[in-house]
Amino acid sequence: MESVRGRRIVVGISGGIAAYKAIEVIRRLVDSGAHVAPIMTDDAHRFIGPVTVSALSSEPVHTSLWDDASPIPHTRLGQTADLIVVAPATARVIAAYAMGFSQDLLVATLIATRAQVVICPAMHTEMWEHPSVQDNLALLRSRGVIVVDPQEGRLAGGDVGTGRLADPETILSAIDSALSGSGRDMEGLSVVVTAGGTREPIDAVRVIANRSSGKQGYAIAEQAHRRGASVTLISTVERPVVSGIEVVPVETAQQMLDAVSLLAPSSDVVVMTAAVADFRPVHAADGKIKKHNGIPEITLEATPDILASLGAAKPAGQTLVGFAAETDDVVANAQGKLQRKNLDMIVANDVSAPGVGFGHDTNAVSILLADGQQIQVPLATKHTIATAVLDSVVKSRTTPRP
Ligand code: CTP
């Protein structure tokens, strides 16, 4: 957590049972050298005591627009922050922030800042899934706010479902990646990222698909955008994304190839995060295949290898990054792909390991570079993996080649 050392971080705590987890986030930030200015909403006081928050933070807790020694605490807190994190963020705080309704010190501070904001929602599943909450979060995301999605698990009152505040490790990792020393070190670069798994039609309703969620590709695209790059995301999945990233929706390997081929020749960096199907049905039926006709025999053919064709036509100065999902001999297999497909870098992950790869919020990878260097990134969030991948891209572009 070197990135937080000496930085001013406002930690906003709103009223939810998960408020106690904010204490761990504060403690870890202070231990890592950050200056933490805490804000609690009135409702947060119902869950944790201000004495604990003040004792662990770098300054006493702020609670009101009016009681503070300074007459305008929200502008001081907002203007001096390097980052504001709200954990937990209730549906009400999210709505107020999205609408610019400065109901209390926390929301007023969020509106009075130009710093990066990280919102960590926590609420019951029904509330989390309500269109008003999702629309407000989509709006905030489109404005560049980082949203750390809640997890599935036990909720207050014994219910189980999605809505549990992300664990402190995930929140800290999102803060770390938002503050990573990199700044705008990708300014002027045009970057293409592919994300998600392709879907190859069998008939009008059925497809051959895979379990890729697109989360890693989105994390890379969003971070490249934050670091100043002009980013196009070619994606098979629809996820909320920060405005400023151009999204090209595709479904099949062929469509992805067409979209990438158009952009790659003029791109500085191409990151093929997508899980492209290796096989597709030779013929997709126009209508729905009916079962009374018996079990169909589906003949498959190979899809185009997009990455290999990009490698074969790579323009001078372009950085081409592949991903390799492996279950055995991870490094050796990935090394083979790096050479065969003429890549500058390959990010290899062992998808058989727990918590790694498809659908998870975490990943553990080895980044292999064409010059033989290897960088190990142990189990971390996909934000952190994105940081490591883009750090390697930037470094390889600024280090003269032997
Ligand atoms: N890839 C691609 N086009 C394909 C298949 C894969 O561009 N038709 C890309 C992926 O986006 C990824 C990399 O190639 O960046 C490696 O994908 P992977 O499926 O691991 O490798 P394969 O080449 O399919 O090799 P294998 O089946 O032997 O694992």
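None of the figures in this text is laboratory data; all of them are computed from the coordinates on show. Every value quoted in this text rests on a predicted model; they were computed, and no experiment measured them. Please note: Cβ atoms are built from the backbone with ideal geometry, for glycine as well, and neighbour counts cover all protein chains shown.
Here the label points at T399 and Q151, each 7 Å from Cα along the C-beta direction, are separated by 3.4 nm in the simple model.
Looking at segment 117-194, the trypsin sites (Lys or Arg not before Pro) that sit in a DSSP loop and have at most 16 other Cβ atoms within 10 Å of their own Cβ are R143, R184. The ranking of M123, M99 by Cβ neighbour count inside 10 Å, starting from the fewest, reads M99, M123. Its Cα gyration tensor gives segment 125-284 an equivalent ellipsoid, and the semi-axes of that ellipsoid, as √(5λ) in whole Å with the largest first, are 29, 24, 13.
Just rank I385, I208, I146, I13, fewest to most, by other beta-carbon atoms within 10 angstrom.
Numbers: I385 26, I208 18, I146 22, I13 32.
In order of increasing Cβ crowding within 10 Å: I208, I146, I385, I13.
Between T80 and R211, full extension at 0.36 nm per residue minus the direct alpha carbon distance yields a gain of 42.9 nm. Short to long, the 20 Å bins of the Cα pair-distance histogram for the chain hold 26, 51, 21, 2 percent of all pairs.
Can you classify segment 1-82 as rounded, prolate or oblate using the Cα gyration tensor, where a ≥ b ≥ c are the square roots of its eigenvalues, rounded means a/c under 1.5, and otherwise it's prolate if a/b beats b/c and oblate if not?
Here segment 1-82 falls in the oblate category.
Between 0 and 90 degrees, rounded to the nearest ten: what's the tilt of helix 131-142 against the longest Cα principal axis of the chain? Around 80 degrees separate the two axes.
Can you tell me the length gained on complete extension of the stretch N342 to S309, counting 0.36 nm per residue apart and subtracting the Cα distance? Could the numbers behind the result be given before it?
Values: separation 33, 0.36 × 33 = 11.88 nm, distance 0.94 nm.
Between N342 and S309, full extension yields 10.9 nm more.
Summary value for segment 31-91: 29 percent relative contact order, contacts being C-alpha pairs under 8 angstrom separated by 6+ residues.
As a footprinting exposure proxy, order T303, T327 by other Cβ within 10 Å, with the fewest listed first.
On the way: T303 18, T327 11.
Placing the least packed residue first, the sequence is T327, T303.
Here the spin labels are modelled as points 7 Å beyond Cα on the Cα-Cβ line, and at E2 and S261 they lie 4.3 nm apart.
For segment 2-180, a/c is less than 1.5, where a ≥ b ≥ c are the root eigenvalues of the C-alpha gyration tensor. That puts it in the rounded class. Each Lys and Arg adds +1 at its Cβ and each Asp and Glu adds -1 at its Cβ; summed about the Cα centre, the chain shows a dipole of about 380 debye. Each residue, K290 and R143, gets one label point 7 Å from its Cα in the Cβ direction; the gap between the two is 5.4 nm.
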